[in-house]
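Asker: The structure is given below, and queries will be raised subsequently.
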Amino acid sequence: MAPHAVKLAPSLLAADFSRLGEQIAAVELAGADRIHVDVMDGHFVPNITGGMPGVRSLRRVTRLPFEVHLMISDPDFFLRDFIEAGADSLLVHWEGNNNLARTVQSVKALGKRVGVVINPATPAAVLEEILQDVEQVLVMTVNPGFGHQHFLHTTLPKIRRVRQMIEQIKPGCDLEVDGGIDTATAPLVVGAGANVLVAGSAIFNEREEVAVAIKRLRDSIR
Ligand code: DX5
Ligand code: ZN
């Protein structure tokens, strides 16, 4: 895969919330491709973050697409709300959803992109029947709920399997990874077939400007 084909999706979870607008403008200027928003309900995952109001306000500060990663127990109740707030794509988990096809169709009926997310312990095989209906697969490379975690190397063979499935069933479907992505792990996941990288702490940190962090991440996969 050509390196320029790899897209970066900074995760706001690691950003400085006192100057979110500024940080989004900085990643946009530095060439980020999408903004990744993590929504947690304290039930599906053991952590809580914000919801629609944040997306609605931030929508006004950038032209970049917003992808909203829903780590919540009943995503069906909130699909329309997030889309009305300004989400361009919704990422919904396979885990805990007893009618994923309905959730996927609901997002499509609302006219937006939809992606399916699988946790580290969930096998690639669960994607087989739903893959043709989605624009994106997100393979979690940490257990969802927190930023700053270590990348789970055991997910690499699964990323390769998902890449093969995509080529067979839905060429053009994005293969995204989320969790522990930095200059050391980005080349590994890109080598395994990922073409969209979520990165929180590797982009928003106190060591460097976001533009420098984004350039280092891009250089690592060149
Ligand atoms: C974790 C979230 C991630 C998180 C990644 O549950 O889904 O998007 O922000 O953070 P880093 O890049 O620091 O692992
Ligand atoms: Zn995420």
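Rule-based calculations on the coordinates, nothing more; no lab input. This structure is a prediction, so every number in the text was calculated from the model and none was measured. All Cβ positions, even for glycine, are placed from backbone atoms using ideal geometry, and neighbour counts span all protein chains on display.
Asker: Out of (1) out of contact with any strand residue (DSSP E or B) (no Cβ under 6 Å at 6 or more places or on another chain); (2) within 21 Å of Val137 (Cα to Cα), what's the single condition that is false for Ala87?
Answerer: For Ala87, the failing item is (1).
Asker: Sort out which residues of segment 193-219 are in a helix (DSSP H, G or I) and surrounded by fewer than 18 Cβ atoms within 10 Å (Cβ to Cβ), and write them in order of number.
Answerer: Selection gives Ala211, Val212, Lys215, Arg216, Asp219.
Asker: I would also like to ask the following. In segment 161-192, which residues are in a helix (DSSP H, G or I), crowded, with 23+ Cβ neighbours inside 10 Å and not β-branched (Val, Ile, Thr)?
Answerer: Passing the criteria: only Ala186.
Asker: Another question, then. I need every pair where a residue in segment 81-102 that is within 13 Å of Leu70 (Cα to Cα) has its Cβ under 9 Å from the Cβ of a residue that is outside any helix (DSSP H, G or I) and among the hydroxyl-bearing types (Ser, Thr, Tyr), sequence separation at least 6 or different chains.
Answerer: Correct list of pairs: His93/Thr122; Trp94/Thr122; Glu95/Thr122; Gly96/Ser73.
Asker: Another question about this same structure. So, of the residues in segment 1-30 that are within 13 Å of the chain's Cα centre (by Cα) and within 14 Å of ligand 2 (Cβ to nearest atom), which turns out to be farthest from Ile72 (Cα to Cα)?
Answerer: Leu8
Asker: Right, here's the next one. Which of the residues belonging to segment 31-70 are hydroxyl-bearing (Ser, Thr, Tyr) and within 11 Å of ligand 2 (Cβ to nearest atom)?
Answerer: Thr49
Asker: Determine, yes or no, whether Pro171 is more than 14 Å from ligand 2 (Cβ to nearest atom), over 21 Å from Asp16 (Cβ atoms) and free of Cβ contacts under 8 Å to residues at least 12 places away in the same chain.
Answerer: Spelling it out, Pro171 is indeed more than 14 Å from ligand 2 (Cβ to nearest atom), over 21 Å from Asp16 (Cβ atoms) and free of Cβ contacts under 8 Å to residues at least 12 places away in the same chain.
Asker: Quick one: what pairs do we get from segment 176-195, first residue in contact (Cβ under 8 Å) with a residue 40 or more places away in the chain, second within 16 Å of ligand 2 (Cβ to nearest atom) and acidic (Asp, Glu), C-beta under 7 Å, 6+ apart or different chains?
Answerer: Ala194/Glu176; Asn195/Asp174
Asker: Sticking with this one: Among the residues of segment 146-158, write down those that are of a type outside the set (Lys, Arg), buried (at least 19 other Cβ atoms within 10 Å of the Cβ) and either more than 16 Å from ligand 2 (Cβ to nearest atom) or farther than 23 Å from Phe44 by Cα (or both).
Answerer: Leu156, the sole residue that qualifies.
Asker: Looking only at segment 174-188, count every residue that is away from ligand 2 (no atom under 14 Å from the Cβ) and among the hydrophobic types (A, V, I, L, M, F, W, C) and tell me the total.
Answerer: Residues in segment 174-188 being away from ligand 2 (no atom under 14 Å from the Cβ) and among the hydrophobic types (A, V, I, L, M, F, W, C): 4 in total.
Asker: So, one more: Among the residues that make up segment 203-211, is at least one of them more than 14 Å from the chain's Cα centre (by Cα) and closer than 24 Å to Asn97 by Cβ?
Answerer: No, there is no match, as no residue in segment 203-211 is more than 14 Å from the chain's Cα centre (by Cα) and closer than 24 Å to Asn97 by Cβ.
Asker: Then there's this: Condition test on Lys112, is it closer than 24 Å to Gly54 by Cβ, within 18 Å of the chain's Cα centre (by Cα) and charged (D, E, K, R)?
Answerer: Spelling it out, Lys112 is indeed closer than 24 Å to Gly54 by Cβ, within 18 Å of the chain's Cα centre (by Cα) and charged (D, E, K, R).
Asker: Restricting to helices (runs of 4 or more DSSP H) lying wholly in segment 16-134: which have 2 or more residues that are out of contact with any Pro (no Cβ under 7 Å at 6 or more places or on another chain) and farther than 23 Å from Glu206 by Cα?
Answerer: Values: elements: 20-29, 52-58, 79-85, 100-109.
It comes to 52-58, 79-85, 100-109.
Asker: Ok, one more. Filter segment 121-142 down to residues that are free of Cβ contacts under 8 Å to residues at least 40 places away in the same chain and within 11 Å of ligand 1 (Cβ to nearest atom) and give me whichever is surrounded by the most Cβ atoms within 10 Å (Cβ to Cβ). Let's see the steps before the verdict.
Answerer: Just the residues of segment 121-142 that are free of Cβ contacts under 8 Å to residues at least 40 places away in the same chain, to begin with: 121-123, 125-127, 129-130, 132-134, 137, 140, 142.
Filter once more, keeping what is within 11 Å of ligand 1 (Cβ to nearest atom): 140, 142.
Working: Met140: 26, Val142: 20.
Only one residue tops the list, namely Met140.
Asker: Please go through segment 135-160 and give me each residue that is in a loop (DSSP other than H, G, I, E, B) and among the β-branched types (Val, Ile, Thr), ordered by number.
Answerer: Applying the first criterion (in a loop (DSSP other than H, G, I, E, B)) to segment 135-160 yields 135, 141-152.
Within segment 135-160, Thr141, Val142 qualify.
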